[in-house]
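*Asks:* Supplied in structure tokens, the structure appears directly below.
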Amino acid sequence: MEHKLNIYNTLSRKKELFVPIHEKNVGMYVCGPTVYGDAHLGHARPAITFDLLFRYLKHLGYKVRYVRNITDVGHLENDADSGEDKIAKKARLEQLEPMEVVQYYLNRYQKTMEELNVLPPSIEPHASGHIIEQIEFVKKIKDAGFAYESKGSVYFDVEKYNKEHNYGKLSGRNIDDLLETTRELDGQEEKRKSFDFALWKKASSEHIMKWPSPWSEGFPGWHLECSAMGTKYLGEEFDIHGGGMDLVFPHHECEIAQSTAALGKETVKYWMHNNMITINGQKMGKSLGNFITLDEFFEGTHSSLEKAYSPMTIRFFVLQAQYRSTVDFSNEALQASEKGLQRLLEGYERLQKLTASASSTVDVKGLRERCEKAMQDDLNSPIAISHLFDAVTSINTISAGSATINEEDLLELKEVFSLFIEDILGLQAELETQNSTNDAYKSAIDLLLQIRQDAKTNKDWATSDKIRNELAALGFEIKDGKDNVEWNLK
RNA sequence: GGUUCCUUGGCCGAGUGGCUAGGCACCGGUCUGCAAAACCGUCUACGGCGGUUCGAAUCCGCCAGGAACCUCCA
């Protein structure tokens, strides 16, 4: 596979050339959502970032198995009185079966992802469907001597692990600091050290979601699902593990410890983390209560929103920043993205209508290469987009008649645009329903515009302006070109 | 308190030693019957103070401000 894709590896803290373990296949695991609420803007970041990677790897010719889990069990809540998990708590509040809550929010999540044009992963495994695998994983860690049982629960022995391996290698922490900074948690007294983490928790009698195990009737620990499902579907060694930066510690650090303890080797080659989306400079998050759900963006129904923003605007907004930078939400920034996206997509549309000339006065050569280079530099989508904008200017110039393009260049430009805008960046014009009603409606508008054109020819400005203004009032945008008219419904 | 990171023009956002992206907004011009759209142009920044260097937004130090993680979190 001939390419120079470099990705930033959190493990080494530098960009590394991507060399897959197997020549033609890539295994990629990304931490998915905990389905106990609607997805917010923050959830769009990893989904879009790793969708971009998924698409780009496929473009490079790899066969990619992309696993994104659904967390539907096992995440303890710190403020819950008895270590109740989030799904169970939500279920009790809404008088629903836990699985009903999961299904409800999962359906909504998947619909939202589809709207954002995020490709479905190859496998979306549920934590609750892999309890057996998780129990087996605990057994392996225990057999290797890195876990101990205490009152029906099983904990990971961090101190022992750290003697043979490096606990903290991903997050840059050291075990002594952790001793001083780890907070009080439920069941602390059962653990040997405060930084030990649960692999299996014994459930209290009122706990709803629990399963039998050799140690107790209980539920798997915080970090186990990803280790168990990742290795089940991608093997004991796989290429890429992604997620939000807020998962580096403890989640991913613990995953590394678990997998290394159980399997005796490094499981993941490249760790990738997207940065946070902020609102007023602070992380948008569930616990802070400062989140805006994606549906609220699409509908414009949140009080912080001046208007609705389409899924493609959100996608473009996310892609206009490199994934390792924070992105601050603001209406101003979103509106800038909205207009920028419009410019890009209109350029793409105009490109389809261009006619070739004998020679080119625009420079098309190198565009593909520049875009590829940007993507290969740790998925620098903002740079790739900036190159496409440069090309849009050329397209508009040709469209206005003050530049020309030859057959060969036109073909190349069309190919590059289709490849980057649609296949790689996953941007697409808002879906137009293709049916006879739609065709008839379009013809009717064209007819009106033809009448307006005739009026203009006769210098009947009253009639031509009336048509333009009335259409504008209905939400149509009319753009006069040199010898054609474009229109769209806003 | 510990660890890590950030600070770019009106706004967003790239850029890791010289060639100073891109988008949005603003202003001026071209085009247009007038607009809109499009095109051209203007404005041209790197938190502060030192240092390294022929040369720093880019490297080093200090200071200021902010963030993430240390608890579930994308």
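The values are calculated or read from the model by the stated rules, or taken from the named source; none is laboratory data. Please read these numbers as outputs of a predicted model, since none were measured by experiment. Cβ sites come from the backbone with ideal geometry, for glycine too, and all protein chains shown count toward neighbours.
*Asks:* Considering only residues that are under 17 Å from A:ASP328 (Cα atoms) and within 13 Å of RNA strand B (Cβ to nearest atom), which ones fall in the stretch A:285-305?
*Replies:* Scanning the stretch A:285-305 gives A:GLY285, A:LYS286, A:LEU288, A:GLY289, A:ASN290, A:PHE291, A:ILE292, A:THR293, A:LEU294.
*Asks:* Here's a follow-up. On the basis of being out of contact with any Cys (no Cβ under 6 Å at 6 or more places or on another chain), aromatic (Phe, Trp, Tyr) and either away from RNA strand B (no atom under 16 Å from the Cβ) or part of a loop (DSSP other than H, G, I, E, B) (or both), does A:TYR36 make the cut?
*Replies:* Working: out of contact with any Cys (no Cβ under 6 Å at 6 or more places or on another chain): yes; aromatic (Phe, Trp, Tyr): yes; either away from RNA strand B (no atom under 16 Å from the Cβ) or part of a loop (DSSP other than H, G, I, E, B) (or both): yes.
So A:TYR36 fits the description; yes.
*Asks:* Follow-up question, since we're still on this one. For the stretch A:125-138, state whether one or more residues are within 16 Å of RNA strand B (Cβ to nearest atom), crowded, with 16+ Cβ neighbours inside 10 Å and in a loop (DSSP other than H, G, I, E, B). Write out each step before concluding.
*Replies:* First, the residues of the stretch A:125-138 that are within 16 Å of RNA strand B (Cβ to nearest atom): A:125-128, A:130, A:134.
Now restrict to residues that are crowded, with 16+ Cβ neighbours inside 10 Å: A:125-128, A:130, A:134.
Still in the list and also in a loop (DSSP other than H, G, I, E, B): A:125.
Scanning the stretch A:125-138, I find at least one residue that is within 16 Å of RNA strand B (Cβ to nearest atom), crowded, with 16+ Cβ neighbours inside 10 Å and in a loop (DSSP other than H, G, I, E, B), so the answer is yes.
*Asks:* Would you confirm whether any residue within the stretch A:462-479 is touching a helix residue (DSSP H, G or I) at 6+ places or on another chain (Cβ under 9 Å), within 16 Å of RNA strand B (Cβ to nearest atom) and hydroxyl-bearing (Ser, Thr, Tyr)?
*Replies:* yes
*Asks:* Okay, next question. One residue is enough: does the stretch A:220-229 have a residue meeting the conditions among the polar types (S, T, N, Q) and either in contact with a strand residue (DSSP E or B) (Cβ under 7 Å, 6 or more places away or on another chain) or surrounded by fewer than 22 Cβ atoms within 10 Å (Cβ to Cβ) (or both)?
*Replies:* To start, the set of residues in the stretch A:220-229 that are among the polar types (S, T, N, Q) comprises A:227.
Still in the running and either in contact with a strand residue (DSSP E or B) (Cβ under 7 Å, 6 or more places away or on another chain) or surrounded by fewer than 22 Cβ atoms within 10 Å (Cβ to Cβ) (or both): none.
No, the stretch A:220-229 has no match at all.
*Asks:* Any residue that is modelled with pLDDT of 95 or more, surrounded by 23 or more Cβ atoms within 10 Å (Cβ to Cβ), away from RNA strand B (no atom under 11 Å from the Cβ) and outside any helix (DSSP H, G or I) - is there at least one of those in the stretch A:20-27?
*Replies:* Yes.
*Asks:* Within the stretch A:330-352, does at least one residue satisfy the condition of being farther than 30 Å from A:HIS22 by Cβ and in a loop (DSSP other than H, G, I, E, B)?
*Replies:* To start, the set of residues in the stretch A:330-352 that are farther than 30 Å from A:HIS22 by Cβ comprises A:330-352.
If we keep only those that are in a loop (DSSP other than H, G, I, E, B) as well, we get A:330.
Yes: one or more hits.
*Asks:* Here's a follow-up. Within the stretch A:380-394, is there a residue that is more than 30 Å from A:LEU17 (Cα to Cα), surrounded by fewer than 15 Cβ atoms within 10 Å (Cβ to Cβ) and near RNA strand B (Cβ under 9 Å from one of its atoms)? Steps first, answer last, please.
*Replies:* First, the residues of the stretch A:380-394 that are more than 30 Å from A:LEU17 (Cα to Cα): A:392-394.
Filter once more, so that each one left must be surrounded by fewer than 15 Cβ atoms within 10 Å (Cβ to Cβ): A:393.
Filter once more, keeping what is near RNA strand B (Cβ under 9 Å from one of its atoms): A:393.
Yes, that holds for at least one residue.
*Asks:* In the stretch A:315-337, which residue that is more than 8 Å from RNA strand B (Cβ to nearest atom) and surrounded by 15 or more Cβ atoms within 10 Å (Cβ to Cβ) is modelled with the lowest pLDDT?
*Replies:* Per the stated criteria, the residue is A:PHE329.
Each row is one residue, and each column tells you yes or no for (1) of a type in the set (A, V, I, L, M); (2) buried (at least 17 other Cβ atoms within 10 Å of the Cβ); (3) more than 16 Å from RNA strand B (Cβ to nearest atom).
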{"position": "A:GLY152", "(1), (2), (3)": "no, no, yes"}
{"position": "A:GLY168", "(1), (2), (3)": "no, yes, no"}
{"position": "A:LYS191", "(1), (2), (3)": "no, yes, no"}
{"position": "A:ILE208", "(1), (2), (3)": "yes, no, yes"}
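*Asks:* Something else about it: From A:GLU422, A:GLU412, which residue is over 24 Å from the mean Cα position of the chain (by Cα), surrounded by 14 or more Cβ atoms within 10 Å (Cβ to Cβ), away from RNA strand B (no atom under 15 Å from the Cβ) and part of a helix (DSSP H, G or I)? It would help to see each step written out before you state the result.
*Replies:* Values: A:GLU422 fails: over 24 Å from the mean Cα position of the chain (by Cα).
Sole residue among the options that is over 24 Å from the mean Cα position of the chain (by Cα), surrounded by 14 or more Cβ atoms within 10 Å (Cβ to Cβ), away from RNA strand B (no atom under 15 Å from the Cβ) and part of a helix (DSSP H, G or I): A:GLU412.
*Asks:* Within the stretch A:96-118, how many residues turn out to be closer than 24 Å to A:TYR233 by Cα, buried (at least 17 other Cβ atoms within 10 Å of the Cβ) and aliphatic (A, V, I, L, M)?
*Replies:* Residues that pass the stated criteria total 4.
*Asks:* Identify all residues within the stretch A:435-457 that are surrounded by fewer than 10 Cβ atoms within 10 Å (Cβ to Cβ) and under 20 Å from A:LYS482 (Cβ atoms); write none if there are none.
*Replies:* Once the filter is applied, which keeps residues that are surrounded by fewer than 10 Cβ atoms within 10 Å (Cβ to Cβ) and under 20 Å from A:LYS482 (Cβ atoms), the stretch A:435-457 yields only A:THR457.
*Asks:* Do any residues in the stretch A:16-29 that are without any contact (Cβ under 8 Å) to a residue 40 or more places away in the chain and over 9 Å from A:LYS63 (Cβ atoms) have Cβ atoms under 7 Å from those of residues that are hydrophobic (A, V, I, L, M, F, W, C) and assigned to a loop (DSSP other than H, G, I, E, B), where the two are at least six apart or on different chains, and which pairs are they?
*Replies:* Once the first residue is without any contact (Cβ under 8 Å) to a residue 40 or more places away in the chain and over 9 Å from A:LYS63 (Cβ atoms) and sits in the stretch A:16-29, its partners that are hydrophobic (A, V, I, L, M, F, W, C) and assigned to a loop (DSSP other than H, G, I, E, B) give A:GLU23/A:MET1.
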